[in-house]
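One structure is given here, and the rest of the page talks about it.
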Amino acid sequence: MPSRKVTLMAFTAVAAALAQERAPAEFEVASVRQNRLDDRIVTVNVGPGGRFAARGYTLVLLIQRAYRVMDWNVTGGPSWIRSDRFDVVAKANVQGNLQEAQLRPMLANLLADRFKLKLHRSSSETSGYALELAKGGPKLKPAAENGEDHPDYFRFNNTGVSGQGVSMRDLARFFGGKLGVIGVDETGLTGLYDFDVHWKVVTDQPTADLPGADPREPLREAAIAALESQLGLKFVPKKVAVETLVIDHVEKLSAEN
């Protein structure tokens, strides 16, 4: 006979899946306005509840959020999609706090409606980094499961990286993006994970001050080494296949509302 804990976890998983299926495809209300302030302030907030707010976001940044890609995944379109900034305030009719998986299709539909955005997916091969399993296998902690919302986040700075509810696909692209390189997942791992990795950057390397030296290289070396020793994951330079979103059509806001 299954334990009460297992039964409760199974019920929670089913309830979460049903809630995801019932999630609306569009925001209940949404406002998109051009931000004409020259303050370079960029913020985003998801929740509490069904609220989504982005300030000072370019259209490309909004596309990145809607389609879970990086800047280098987006090609085509006029120059203003990377220079003009916008403020978005929207509310979704969802149970509990708005989750990323619920947000993405709503935001994609909002961009299609307000900017008449049309795009298609393509792929190409380029120089980048592949996230692979290190010798000895992964040392990853599956994301905690409980009856409460388990928000996903990714934080990176000069001394470490931490994440909660993060897939290997997202770890590869975020980790690579913070190091200034293209990263793709080739681990074969599915599911979501929590992690907390720390490192120390050595800045007195002999090559650090040479002409043409990349100032991010000491950080890359420290971060990649820590990822392998603490998570059992390698970040290997190689030719990688990357997905590309090609913009076929986009228009400036016809009305700011």
**Complete:** Those residues of region 160-199 which are surrounded by fewer than 16 Cβ atoms within 10 Å (Cβ to Cβ), modelled with pLDDT of 95 or more and under 19 Å from P215 (Cβ atoms) amount to none
**Asked** Only one of these conditions is not met by I41: (1) in contact with a strand residue (DSSP E or B) (Cβ under 9 Å, 6 or more places away or on another chain); (2) outside any loop (DSSP other than H, G, I, E, B); (3) over 23 Å from H249 (Cβ atoms); (4) not assigned by TED's automatic domain parsing to the domain that holds E186. Which number is it?
**Response** (2)
**Request:** Select, from G137, G163, the only residue that is more than 20 Å from the chain's Cα centre (by Cα) and not assigned by TED's automatic domain parsing to the domain that holds L61.
**Result:** G137
**Fill in**
Of those in region 220-257 that are β-branched (V, I, T), modelled with pLDDT under 95 and more than 30 Å from Q34 (Cβ to Cβ), the residue surrounded by the fewest Cβ atoms within 10 Å (Cβ to Cβ) is V242
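Would you mind listing the strands (runs of 3 or more DSSP E) fully within region 72-157 where at least 1 residues are modelled with pLDDT under 95?
118-133, 153-157
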**Request:** Look at E217 and say whether it is under 20 Å from K118 (Cα atoms) and either at pLDDT below 95 or exposed (fewer than 12 other Cβ atoms within 10 Å of the Cβ) (or both).
**Result:** no
**Request:** Filter region 77-106 down to the residues that are of a type in the set (G, A, S) and surrounded by fewer than 15 Cβ atoms within 10 Å (Cβ to Cβ), then identify the one that is nearest to V250 (Cα to Cα).
**Result:** S79
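If you scan region 26-59, which residues turn out to be surrounded by fewer than 18 Cβ atoms within 10 Å (Cβ to Cβ) and either acidic (D, E) or within 25 Å of R121 (Cβ to Cβ) (or both)?
As a first pass, look at region 26-59 and keep what is surrounded by fewer than 18 Cβ atoms within 10 Å (Cβ to Cβ): 26, 28-29, 31, 33-34, 36-45, 47-49, 51, 53, 55-56.
Result: E26, E28, D38, D39, V44.
The values are calculated or read from the model by the stated rules, or taken from the named source; none is laboratory data. Since the structure is predicted, the reported quantities are computational estimates derived from the model, not experimental observations. Cβ: placed from backbone, ideal geometry, glycine included. Neighbour counts: every protein chain shown.
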